[in-house]
Amino acid sequence: MSFVISNKCVGCHACMVVCPNQAVYPDADLANQFHIHPKRCDECSAHYDNPQCASICPVEEAILDSARNPLNPVGSLMPAILESQKLTQTFGSKYDG
């Protein structure tokens, strides 16, 4: 099995950096598009409980499983966004420390 990076990818490189198997690689022809090598990707099962590419990806529906279901479906990142906004409202956006 292997994951797929969809065209919703914004090219932030985060998945490539965290992949323990070096399975993520840039597209040779399309800037800011990445692919996952199917023989290298073991869905992080040998290293982590959760796939690292999906854990770090800031874009919903960018990483798909073998059945083409998004690992970060629409709305799944909203709790993190809301928490970030709550912290900014509580502590401000500038650190004065």
If the Cβ limit is 8 Å and pairs must be 6+ apart or interchain, which residue in the range 39-58 that is under 13 Å from Met16 (Cβ atoms) pairs with which residue that is of a type in the set (Ser, Thr, Tyr) and surrounded by 14 or more Cβ atoms within 10 Å (Cβ to Cβ)? Cys41/Ser2
Output the residues belonging to the range 58-92 that are β-branched (Val, Ile, Thr) and either more than 19 Å from Gly11 (Cα to Cα) or at pLDDT below 60 (or both). Ile81, Thr88, Thr90
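The values are calculated or read from the model by the stated rules, or taken from the named source; none is laboratory data. Every value quoted in this text rests on a predicted model; they were computed, and no experiment measured them. For neighbour counting, all protein chains shown are included, and Cβ atoms are generated from backbone atoms with ideal geometry for every residue, glycine included.
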